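The values are calculated or read from the model by the stated rules, or taken from the named source; none is laboratory data. Bear in mind the structure is a predicted one, so any value in this text is a computation, not a measurement. Cβ placement follows ideal geometry from the backbone for every residue including glycine, while neighbour counts extend to all protein chains displayed. Side chains are part of the model used for accessible areas, which takes the heavy atoms of the whole protein and leaves out ligands, DNA and RNA. Shrake-Rupley method; radii C 1.70, N 1.55, O 1.52, S 1.80 Å.
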Amino acid sequence: MIYLLDADDAAVARLRERLDALGDSLVVVGGDGLWNVHVHVDDAGAAVEAGVEAGRPHRIRITHFGHGDVHTTRAERPPQQRAERVQRAVVAVVPGEGLAGLYAEAGATTVLARPGEPPASGELVEAVRRAHAREVVLLPNDAELRHTAAAAAEQARAAGVRVALIPTRSAVQGIAALAVHEPGRRFDEDVVSMTSAAGATRYAEVTVAERQSWTTAGICQAGDVLGLIDGDVAVIGSDVTATAETVLDRMLASGGELVTLVVGDDAPEAVTDRLEARVREAYLAVDTVVHRGGRQGALLLIGVE
């Protein structure tokens, strides 16, 4: 496997240790934020996952040697399990029942994360078991679930399931990953494609502040409308629709081809129409897709690919 990586020196030092444990023939060269990574591994998905944790991998190239991962996967499972299990499944954490339905329609096994009640690693392990697959792609869809999902992945691997964790930070990144999922591909190729799609999707949410707080955009008061872009507060406003429009404009200022809107039950009815109209008027080459998220915590989730 070879890829280019945008990352700082400290992250690359940790990456070397991680990749050295995963495989051999490791070479990491470069500097000034750009690195060339080469490694021989059995699990290319894990190597890509390590690169995502270190920075931004791109121009990923995988070359297969010998009998590859198919023989290894079969050797790890008894014959009766091979006959019963499906080959591959996606397990995803979703913030609302509306998205749970959307993910389920796409074939994913879902774990519902209610507001203020993040799932524990045991719930994720149980979802992996319910998926009943030899290979599982795990989408946590929340930056704060990264360590929980990693612990669940390790437990599932110990039980004989091959698991790749794609560190999605929002449900809209998970939607992008699921859109390119192809169970018929090699596992590592599928993981690379899903990881690339998620990484190419910027994410935002519009929510209401519960208390006074310091933010990256200044001090907010309880009841203020907050627009978070890629996890950081970027806009503080008083009107949901106006704040959402400002957030969307900032995201599209750096380009985009597709806007995904996931609307919660508590969002104003006018917000969807206004944002769709804004895209049509100001961004002629951009398409918009709208989903109903139900009771999802945030008033609105926005994804830009």
* Before we move on, is residue 229 surrounded by fewer than 21 Cβ atoms within 10 Å (Cβ to Cβ), of a type in the set (A, V, I, L, M, F, W, C) and either touching a Phe, Trp or Tyr at 6+ places or on another chain (Cβ under 8 Å) or under 19 Å from residue 169 (Cβ atoms) (or both)? -> yes
* Asked: Just to be sure, is residue 125 in a helix (DSSP H, G or I) and open to solvent by less than 40 Å² (accessible area, probe 1.4 Å)?
  -> yes
* To do: Considering every residue within the range 26-45, establish whether at least one is without any contact (Cβ under 8 Å) to a residue 12 or more places away in the chain, among the β-branched types (Val, Ile, Thr) and either loosely packed, with under 14 Cβ neighbours inside 10 Å or more than 11 Å from residue 3 (Cβ to Cβ) (or both).
  => yes
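Find the residue count for the range 232-242, including only residues that are more than 16 Å from residue 304 (Cβ to Cβ) and either buried (at least 21 other Cβ atoms within 10 Å of the Cβ) or over 22 Å from the mean Cα position of the chain (by Cα) (or both).
Looking only at that region, the number is 7.
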* **Unique match (being touching a strand residue (DSSP E or B) at 6+ places or on another chain (Cβ under 6 Å), open to solvent by less than 50 Å² (accessible area, probe 1.4 Å) and among the small types (Gly, Ala, Ser)) among 255, 264, 294** => 264
* the range 179-200, residues that are under 10 Å from the mean Cα position of the chain (by Cα) and surrounded by 24 or more Cβ atoms within 10 Å (Cβ to Cβ) -> 194, 195, 198
* Asked: Taking the range 201-226, which residues are touching a strand residue (DSSP E or B) at 6+ places or on another chain (Cβ under 7 Å), of a type in the set (Asp, Glu) and either open to solvent by 50 Å² or more (accessible area, probe 1.4 Å) or within 30 Å of residue 47 (Cβ to Cβ) (or both)?
  -> 205
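Give the range 244-285 a look and list any residue that's part of a strand (DSSP E or B) and basic (Lys, Arg), or say none.
Within the range 244-285, none qualify.
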